[in-house]
1. Condition check: in contact with a Lys or Arg (Cβ under 8 Å, 6 or more places away or on another chain) and either modelled with pLDDT of 95 or more or exposed (fewer than 14 other Cβ atoms within 10 Å of the Cβ) (or both). Does Leu88 satisfy that?
2. Name the residue that is surrounded by the fewest Cβ atoms within 10 Å (Cβ to Cβ), counting only residues in region 182-198 that are under 19 Å from the mean Cα position of the chain (by Cα) and among the acidic types (Asp, Glu).
3. Could you give me the residue pairs with C-beta distances under 9 Å whose first residue belongs to region 55-73 and is in the same structural domain as Asn101 (by TED's automatic domain parsing) and of a type in the set (S, T, N, Q), whose second residue is at pLDDT 95 or above and in a loop (DSSP other than H, G, I, E, B) wherever it lies, and which are 6+ apart or on separate chains?
4. Among the residues of region 92-104, is any over 22 Å from Cys167 (Cβ atoms) and of a type in the set (Val, Ile, Thr)?
5. Could you tell me whether any residue of region 55-78 is surrounded by fewer than 18 Cβ atoms within 10 Å (Cβ to Cβ), charged (D, E, K, R) and under 17 Å from the mean Cα position of the chain (by Cα)?
6. Could you say which residue among Leu214, Leu201 is under 26 Å from Ser253 (Cα atoms) and either surrounded by fewer than 18 Cβ atoms within 10 Å (Cβ to Cβ) or out of contact with any helix residue (DSSP H, G or I) (no Cβ under 8 Å at 6 or more places or on another chain) (or both)?
7. Based on this model, can you work out whether Tyr98 counts as touching a His at 6+ places or on another chain (Cβ under 9 Å) and either outside any helix (DSSP H, G or I) or aromatic (Phe, Trp, Tyr) (or both)?
8. For region 210-219, state whether one or more residues are assigned to a loop (DSSP other than H, G, I, E, B), over 18 Å from the mean Cα position of the chain (by Cα) and either under 16 Å from Ala174 (Cα atoms) or not assigned by TED's automatic domain parsing to the domain that holds Gly56 (or both).
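The values are calculated or read from the model by the stated rules, or taken from the named source; none is laboratory data. All of these numbers come straight from a predicted model, not from anything done at the bench. Cβ placement follows ideal geometry from the backbone for every residue including glycine, while neighbour counts extend to all protein chains displayed.
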Amino acid sequence: MIRSFVSLIIVFVFTCTAFLFYGIRIPSSKNSSNPPARFSHTQFDAVLRQVVSERGQVNYQLLLQRESALDQYLGQIAAVSPETHPSLFADQNSRMVYWINAYNAFVLKGVLRYYPTSGVLETLPLHGFFWALRFNAGGEYMSLYHLENGILRKRFNEPRIHFAINCASAGCPALAPYAFVAEKLDQQLKMGTEAFIKDELNVRFDEASGIAYLSKIFSWYQEDFQTEPVAGRQTPLAYIIPFLNVEQRRKFSLRQNWEIQYLGYDWRLNQTHFEQE
């Protein structure tokens, strides 16, 4: 009995180690060896407009039918990156857009690998969806965890990316029904941030108890939302204040001090309602 238990532990540790170092490579479509004169996100934009609702829910059954189009875009991502072809991504916005769209496209592809599923945490143990799956960007295979923390957060110092990338879960900021583009990036990031914060499922104030209920995102990435205190308010509230809607501002103004409590995270798949029936 003890020997069997020890053997199971050894197998479990070995499996986790293999996942950590080697991961599960998600194959991408082959693309032309000749780099394009201009990198375009048009194909991904077309896919998103077909399968994502205005509320950011995804019709995964329809996406399965459009998987070849998604794969073609992933082929573009696999062929070039800001590292391999810097001339295609000459400014900060174009580089950030590449990585934001790559993250969202990788997540969609990852979900399709395990679909139907009730959520990304059900696909692999120990949150393996985010660190075990490996996706190809410019010839380099990387995890979603590395893309988010080692590239997007580390290189760009832009807190609003947290409201642009989507982890295929109901608690995430809504997946935009369009691809991000360099020319409109600031506007798109602002829209996503405002939509998330103005939704009382993510930010709400209980004036009776003096508790400010915030999405777990503001806890997990608290260092990204550190700002100078506004009117003496502590962070991350200081970051949130400019994005509040009228009713949220009214409630917020009723107290000088708020106790922050973080809401539970909803990891259910962000699928359209009819798929859940």
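1. yes
2. The residue in question is Asp186.
3. Partner pairs satisfying both residue conditions: Gln57/Ala170; Gln57/Ala174; Gln57/Leu175; Gln57/Asn270; Asn59/Ser53; Gln61/Tyr115; Gln61/Pro116.
4. Within region 92-104, none of the residues are over 22 Å from Cys167 (Cβ atoms) and of a type in the set (Val, Ile, Thr).
5. yes
6. Numbers: Leu214 fails: either surrounded by fewer than 18 Cβ atoms within 10 Å (Cβ to Cβ) or out of contact with any helix residue (DSSP H, G or I) (no Cβ under 8 Å at 6 or more places or on another chain) (or both).
So the residue among Leu214, Leu201 that is under 26 Å from Ser253 (Cα atoms) and either surrounded by fewer than 18 Cβ atoms within 10 Å (Cβ to Cβ) or out of contact with any helix residue (DSSP H, G or I) (no Cβ under 8 Å at 6 or more places or on another chain) (or both) is Leu201.
7. For Tyr98, the condition - touching a His at 6+ places or on another chain (Cβ under 9 Å) and either outside any helix (DSSP H, G or I) or aromatic (Phe, Trp, Tyr) (or both) - is met.
8. yes
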